[in-house]
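Structure, as structure tokens:
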Amino acid sequence: MDFSSFDSQALLDQLMFYLTTYGIQLLVAILVFIVGKWIARKLSNGLKRIMLKSNAEETLCTFIGNITYFGLLAAVVIAALDQAGVNVTSFMAVLGAAGLAVGLALKDSLSNFACGVMLIMMRFFKKGDFIEAGGVMGTVKAVKIFNTDLNTPDNKLISIPNSAILGGAITNFSAEPTRRVDLVMGIGYDDDLKKAKALLVKIVNEHPLVLKDPAPQVELSELADSSVNFVVRPWCKTGDYWRVFFDVTEQVKLTFDAEGISIPYPQQDVHMYEEKKQ
């Protein structure tokens, strides 16, 4: 190669031309992206704060805020590409075709997104509610675009696809202000039936967290194989459910022991006959 004909000045001029022409465009595009992303975050957070001040549900506010942020971020990316000299029209056409293919490939994710919108709009539950959905029980931490986060009673975080929640039964244990505690208490066949019932009525009526209205219910429900069973059904505030459940169960055991009433366990009577010899 003949380096004598190599024009370093022409190369330098050409390099400077590209730097001044496209370098500035690139810097402007990067600046547009950074500033636009910051504005998108501020606008989405501002919208969330406005909705919270208007007493909208926190779950709905978070969901709308996330949707707004990602929508604005997509517009910022397109604007940055335009500043960088990319033919946005052609890019959008290619992006549309690619979006169709990606949409078909990610149909499950799109289904989760649509189900997330439905969960928010239908208001089956809100943040802080204790629910059973998708085969899992826990407290709602957040409803996100594609999944819902639950905290289990033993403090595990479980993310459930929104489609799995909407596609099955949803039990909201926190929806109503009061709940009924359902207990079954058994006594022996030889025990005093009326005395046992009177003790059960006294236990639930004296508990400070048991509501007077609706009145607690204590009724004989079953003559079982090994016991005579009562249903004990006190009402309480939803937040007091487990405290009442544990307290009443413990107090029944202590009271029955003190009053000489047995709590039988499953048993069978075996009768043996001597076979007469012929």
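What the table below lists for this structure:
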{"quantity": "Simple Cβ-charge dipole of segment 124-172, Lys/Arg +1 and Asp/Glu -1, about Cα centre, in debye nearest 20", "calculated": "160 debye"}
{"quantity": "Fewest-first sequence of 274, 250, 58 by Cβ atoms within 10 Å of each Cβ", "calculated": "274, 250, 58"}
{"quantity": "Rg to Rh quotient for segment 177-278, alpha carbon positions, Kirkwood Rh", "calculated": "1.18"}
{"quantity": "Cα→Cβ-extended label distance, 7 Å offset, between residue 52 and residue 70, nm", "calculated": "2.1 nm"}
{"quantity": "Gained length - residue 145 relative to residue 132, 0.36 nm times residue gap less alpha-carbon distance", "calculated": "2.7 nm"}
{"quantity": "Residue 122-residue 219 pseudo-label distance in nm [points 7 Å out on the Cα-to-Cβ vector]", "calculated": "3.3 nm"}
{"quantity": "Two-site label geometry, residue 249 and residue 45: point separation in nm, points 7 Å out along Cα→Cβ", "calculated": "4.6 nm"}
{"quantity": "Exposure proxy ranking, count of Cβ atoms within 10 Å, fewest first, for 191, 257", "calculated": "257, 191"}
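Rule-based calculations on the coordinates, nothing more; no lab input. None of these values were measured; they are calculated from a predicted model. Note: ideal-geometry Cβ built from the backbone for every residue, glycine included; neighbour counts use all protein chains shown.
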